[in-house]
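The values are calculated or read from the model by the stated rules, or taken from the named source; none is laboratory data. Source: prediction; values computed, not measured. Note that we place each Cβ from the backbone using ideal geometry, even for glycine, and neighbour counts take in every protein chain shown. SASA here: full protein model, heavy atoms, side chains in, ligands and nucleic acids out. Shrake-Rupley method; radii C 1.70, N 1.55, O 1.52, S 1.80 Å.
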Amino acid sequence: MGTSSGAATSVEETRKDMGNNGDRPLIVTEDLWKTYEMGSEQIHALHGLTFKIERNEYVAIMGPSGSGKSTLMNVIGCLDTPTKGKYYINNRLVSELSDDELAFIRNKEIGFVFQTFNLLARATALHNVELPLIYNGTPAGPRLEQAKAALAKVDLADRMTHKPNELSGGQRQRVAIARALVNNPSIILADEPTGNLDTATGVDIMNLFERLWEQGNTIVLVTHEHDIAAHANRIIHIRDGRIEKDEKVR
Amino acid sequence: MNINLKESATIALNALNAHKMRSVLTLVGVIIGVTTVIAVVSIVQGLDSYVKNQVLQFGSDTFTVQKFPNFVTSFEEFLEYNKRRDLTLEDMKAIEERCSLCKAVAGIWDRSRTVKFGMQSIEDVDIRGVSVNAPFMGQVMELASGRHFTETDIDHVALRVIIGADVAEKLFYGRDPLGLELKIDGVPFEIIGVAKKTGSFFGQSMDNFARIPITMYQRMYGSHESLFINVQAPNEAQLPQAMDEVRVIMRARQHTPYKKDDGFALETAASFIDLWQSFSQGIFAVTISIASIALIVGGVVIMNIMLVSVRERTREIGIRKAIGARRRDILVQFLIEAVTLAGAGGLLGALLGIAIALIISKVSPLPAVIRWWSILMGIGMAASVGLFFGIYPASRAAKLDPIVALRFE
Ligand SMILES: Nc1ncnc2c1ncn2[C@@H]1O[C@H](COP(=O)(O)OP(=O)(O)O)[C@@H](O)[C@H]1O
Ligand SMILES: [Mg+2]
């Protein structure tokens with residue numbers, strides 16, 4: 001299959017660029033806007049956001065419901081595109097990237113953890129975790145090894161063949177975290193990861209994030225609970241799509 | 001590039017497996033299309049080798065002279081041919097005497113009559129009045145026991161008969177019929193030969209006959225019917241010249257004016273095969289148009305089901321995109337799914353078509369030849385339909401925006 005060598009080359013370039021920018025901030029945004037047209041009304045979900053996130057930071061994004069947290073996470077995660085403004089990840093301007101390059105970044109650089117888990121219902125835990133590796137062409141042997149290792153990291157080595165409906169909420173979220181980890185991404189994005197879990201399970205998941213951070217991962221986590229935000233070393237408060245407060249803690 | 005085909009196929013097969021009933025219903029059109037093609041191909045192939053086999057037995061150095069051609073395609077044609085003069089023993093003799101390139105000439109008359117042995121009788125036996133050369137030309141008749149007619153038998157209008165294997169079986173049950181007496185229309189004949197079994201042609205037994213000297217036939221039944229004349233050339237290469245000679249002789253005998261058509265039909269095995277082939281091509285053309293309609297309808301159904309599937313799995317597509325699936329990964333996944341779905345229908349259709357061909361060949365005189373490549377052909381045909389009609393739904397899936405797909409409920 002050598003039909004689109006052009007795209008393949010630019011993905012290679014993306015990979016290289018990302019490799020030699022260790023000293024630049026991982027994430028840089030400049031005057032980020034996201035505007036929704038609701039009939040005649042304009043809703044600014046993001047209202048000119050500018051900030052940086054360094055490697056191995058643990059950032060909590062806090063704010064009331066509807067303040068734009070999810071919108072921001074989706075933009076950072078390259079799932080959504082800003083209406084205006086610049087967003088650099090690993091010094092690459094995201095708006096300049098092709099569709100394939102965006103897919104590559106979502107695959108290799110970003111591990112997304114959703115509030116509703118977003119696992120494939122018909123696939124086993126193992127297959128769910130393997131999926132990102134399938135899409136970057138990891139051969140079957142190493143793929144299986146890496147997926148098993150990721151499941152072991154979230155203490156689910158004994159649940160590999162279970163399907164999501166055979167797992168508890170906490171276990172499902174841990175499968176999702178294993179899936180986010182499996183490619184060793186530059187950044188883990190978690191949008192209210194404990195929102196659908198009971199308090200005790202939520203604490204477990206937060207401990208897991210804490211551990212991942214200690215192992216050197218960069219984590220951005222959305223929450224509206226202070227207890228949970230207290231795990232982070234930096235809290236960005238958002239209101240009406242604007243940064244209200246950006247504070248270092250710990 | 002690293003589209004994982006095997007992975008996509010597995011994903012597709014799992015998805016198919018999860019909706020078995022729907023998959024089968026979806027495939028009805030494709031199955032009908034492929035079944036039709038495979039069944040017809042099997043039957044026509046069967047007929048083809050059968051016809052060629054039978055016709056080639058006739059001998060490539062031999063041709064026939066008849067009043068009517070082998071195939072009359074309309075009633076008007078029939079009326080036209082019917083006006084022709086009957087062929088007679090004199091015609092046969094004239095060809096024998098005057099045609100230098102005719103190695104051998106034979107004449108045959110026939111009609112259905114009842115034959116009797118003692119109290120036993122069989123109806124509808126093909127009574128053939130034959131000349132000496134008849135058993136050795138065209139459809140060759142070999143003997144199981146006894147002897148052929150000699151010139152003397154013919155000249156002396158002998159009351160002698162050579163019977164077919166069916167007649168021998170039905171009347172004599174394993175007893176040796178040689179020397180026994182067979183009555184044809186009450187006239188007693190001495191049995192001097194029994195023919196080897198030749199089998200059936202389109203369900204019609206070819207062993208249900210009794211051959212008597214052509215002179216005897218003429219005495220019993222007269223010569224009010226046209227004679228069937230077989231002519232053998234020295235070899236295949238000289239067949240056309242021999243035919244030309246016979247044509248000239250016959251036209252002279254029938255006083256056919258210059259520029260008017262022959263008042264008789266000259267035909268070879270090859271001309272019969274040509275006719276059959278144009279006929280079988282007609283069958284194929286009709287089949288293909290019927291099957292294409294079924295396949296197109298089947299394709300449209302597959303397209304709709306795939307569109308439903310894409311819609312139902314919007315969230316799944318969103319998840320896949322969120323973790324790094326590119327457009328072409330999604331495109332290939334759904335294309336493979338459509339191809340696998342249709343291909344499975346093709347396999348089913350091919351097997352069904354073969355089964356139908358086999359059943360037809362069992363319950364009817366039509367033969368069938370099963371070619372194993374026809375299974376591949378069926379799968380291939382269906383898979384191409386799946387590929388073509390899968391393109392639209394698959395590209396719809398591939399183009400989905402990840403965030404829109406993820407939000408889909
Ligand atoms: N697809 C959309 N269309 C229109 N408005 C939207 C859409 N997505 C989000 N919004 C609006 O943008 C604002 C921010 O939403 P969101 O980012 O989901 O907030 P949060 O995650 O902080 O609760 C809200 O006012 C919301 O209604
Ligand atoms: Mg939200």
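For the stretch B:85-263, a simple Cβ point-charge model (Lys and Arg +1, Asp and Glu -1, everything else neutral) yields a dipole of about 140 debye relative to the Cα centre. In the structure shown, do any of B:196/B:362; B:67/B:103; B:103/B:170; B:67/B:196 have a Cα-Cα gap over 27 Å, and if so which? Distance filter (> 27 Å) returns B:103/B:170; B:67/B:196.
As a ratio to 2.2 N^0.38 Å, the alpha-carbon radius of gyration for the stretch A:115-179 is 1.00. With unit charges on the beta carbons (Lys and Arg positive, Asp and Glu negative) and the dipole taken about the Cα centre of the stretch B:85-263, which residue among B:89, B:156, B:138 sits farthest to the positive side? It is B:89. For the pair B and A, the buried accessible area comes to roughly 2500 Å² in total, with a 1.4 Å probe and the value rounded to the nearest 100. No disulfide-compatible partner, judged by a Cβ distance under 4.7 Å, exists for the following cysteines of the protein assembly as shown: A:78. Most tightly packed first, judged by the mean number of other beta-carbon atoms within 10 Å of their residues, the peptides A:106-112, A:191-197, B:29-35 read B:29-35, A:106-112, A:191-197.
For a 26 Å ceiling on Cα separation, which of these pairs sit above it: A:69/B:321; A:108/B:20; A:84/B:321; A:69/A:248?
Flagged as over cut-off: A:108/B:20.
Which shape class, rounded, prolate or oblate, goes with chain B when its Cα gyration tensor gives a ≥ b ≥ c as root eigenvalues, a/c under 1.5 marks rounded, and past that a/b bigger than b/c marks prolate? Prolate is the answer for chain B, as a/c is 1.5 or above and a/b outweighs b/c. For residue B:260, a cut-off of 20 angstrom between C-alpha atoms picks up these aspartates and glutamates, skipping any fewer than 8 places away in its own chain: B:76, B:77, B:80, B:86, B:91, B:244, B:245. Any chance you could check the stretch A:89-111 for residues losing 10 Å² or more of accessible area when the partner protein chains are in, compared with the chain on its own (1.4 Å probe)? Listed by number, the residues meeting the 10 Å² cut-off are A:99, A:100, A:103, A:106, A:107.
For the stretch A:208-235 versus the stretch B:289-330, the inter-centroid distance based on Cα atoms is 40 Å. The smallest convex shape that holds all Cα atoms of chain A, its convex hull, gives 146 Å³ per residue. Modelled spin-label separation between residue B:159 and residue B:372, with each label point placed 7 Å from Cα along the Cα-to-Cβ direction: 6.1 nm. Of A:66, A:77, A:169, the residue with the greatest mean-square motion in the GNM of chain A, using alpha carbon springs below 10 Å, is A:66.
When chain B is treated as a GNM with alpha-carbon contacts under 10 Å, the residue of B:300, B:140, B:72 showing the greatest mean-square fluctuation is B:72. For the stretch B:135-194, trypsin sites (Lys or Arg not before Pro) are listed when DSSP marks them as loop and at most 11 other Cβ atoms sit within 10 Å of their Cβ; the list is B:175.
At a 1.4 Å probe, what is the % contribution of carbon and sulfur to the accessible area of chain A?
Values: 5230 of 10910 Å².
Answer for chain A is 48 percent, counting heavy atoms of protein chains only.
Since only A:49, A:171, A:77 are under comparison, the one whose Cα sits farthest along the positive direction of the charge dipole of chain A, derived from C-beta charges on Lys, Arg, Asp and Glu, is A:171. Simple point charges give the picture: +1 on the Cβ of Lys and Arg, -1 on the Cβ of Asp and Glu, and for chain A a dipole about the Cα centre of about 360 debye. Estimated purely from DSSP H runs of n ≥ 4, each contributing -39500 (n - 2.57), the mean residue ellipticity at 222 nm for chain A is -11000 deg cm²/dmol once divided by its residues.
With the convex hull drawn around the C-alpha atoms of the stretch B:85-263, the volume per residue stands at 132 Å³. Within the listed set B:107, B:390, B:318, the Gaussian network model of chain B (springs between alpha-carbon atoms below 10 Å) gives the highest mean-square fluctuation for B:318. If R0 is 30 Å, the Cβ-Cβ spacing of residue B:288 and residue B:363 corresponds to a FRET efficiency of close to 0.75.
Shape analysis of the stretch B:219-324 based on the Cα gyration tensor places the equivalent ellipsoid semi-axes at 68, 17, 13 Å, largest first. Its convex hull of Cα atoms gives the stretch B:153-198 a direction-averaged projected area, equal to a quarter of the hull surface, of 3.5 nm².
At q = 0.13 Å⁻¹, what is the log10 ratio I(q)/I(0) for the stretch B:286-402, with the Debye formula run over Cα points and no solvent? With one equal scatterer per Cα and no solvent, log10 I(q)/I(0) is -0.58. Would you mind classifying the stretch B:78-163 by shape? Square roots of the alpha carbon gyration tensor eigenvalues, ordered a ≥ b ≥ c; an a/c under 1.5 is rounded, otherwise it is prolate if a/b is larger than b/c and oblate if not. Note, shape of the stretch B:78-163 comes out oblate. About its Cα centre, the protein assembly as shown has a charge dipole of approximately 760 debye under the convention of +1 per Lys or Arg Cβ and -1 per Asp or Glu Cβ, with nothing else charged. Relative to the globular-protein estimate of 2.2 N^0.38 Å, the Cα radius of gyration of the stretch B:162-254 stands at 1.46.
Can you give me the accessible area per residue for the protein assembly as shown, using a 1.4 Å probe, in Å²?
Numbers: 30700 Å² over 659 residues.
Heavy-atom accessible area per residue stands at 47 Å².
Taking only the C-alpha atoms of the protein assembly as shown, the Rg (one decimal) and the largest Cα-Cα distance, Dmax (whole number), read 43.0, 132 Å. Calculate I(q)/I(0) for the stretch A:104-250 by the Debye formula, one identical point scatterer on each C-alpha and no solvent, and give its log10 at q = 0.14, 0.19 Å⁻¹ to two decimals. Values returned for q = 0.14, 0.19 Å⁻¹ are -0.65, -1.13. Tell me, which longest segment in chain B has none of the chymotrypsin sites (Phe, Trp or Tyr not before Pro) that fall in DSSP loops with at most 13 further Cβ atoms within 10 Å? After excluding every exposed loop site, the longest remaining stretch is B:259-371.
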